[in-house]
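Report on the structure given below.
Just so it is clear, none of the values below were taken in a lab; they were calculated from the coordinates. These numbers come from a predicted model, not from an experiment.
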């Protein structure tokens, strides 16, 4: 089960990296297309019009997907920003209790976000909502990716909370118990 969960979190990280890579490729192609068009115009030739229509909007959807699909992976490798000035001065038992409380609150907030994101995605699907940019993207698609990322985060938070309660983890940002 541990390997399955870690693979699931890694999959979220890979999906986030893939989406960021697609954004980079689109932007690079857009820039190269503009440079080529400018060069052709300078040489007195017709431009080819090499532009990615709706690039900003598509990049925004991909960034949304990368953000949400990467949340669980980032949590499990300790990559989330954490201010621990007070936390590190507390005794281990209090620190663990505080981490369980934080994981519980984060899980509740994530559950709330999942519920309303599912409702939003369903409404977008039901009404046939599409984006208003040059490329009409059905809005339920990026919203479904957001829901999937939130579900992965909820699984990771539950995993962390169980790890804290069973002693497998010493604190939230640990990958394994300290010896």
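The angle between the Cα long axis of helix 55-69 and the main principal axis of the chain comes to about 20°, on a 0 to 90 degree scale. Of interest is the spacing of the C-alpha centroids, which for region 52-108 and region 127-166 amounts to 14 Å.
Is region 81-179 rounded, prolate or oblate when judged by the Cα gyration tensor, a ≥ b ≥ c being the square roots of its eigenvalues, rounded requiring a/c under 1.5 and prolate requiring a/b larger than b/c?
Values: a/c = 3.38, a/b = 3.02, b/c = 1.12.
Verdict is prolate for region 81-179.
Working note: 222 nm ellipticity from helices only, DSSP H runs with n ≥ 4, each -39,500 (n - 2.57), summed and divided by the residues of the chain, gives -24500 deg cm²/dmol to the nearest 500. Based on the reciprocal of the average 1/r between different C-alpha atoms, the Kirkwood radius for region 2-166 equals 18.6 Å.
Compute the convex hull volume of the Cα atoms of region 14-56, divide it by the residue count, and report the result per residue in Å³ as a whole number. Intermediate results must be reported in sequence, preceding the final value.
Working: hull volume 2.3 nm³, N = 43.
Considering the Cα atoms of region 14-56, their hull volume per residue is 53 Å³.
Region 28-106 gives an Rg/Rh value of 1.40, both radii derived from C-alpha positions and Rh following Kirkwood.
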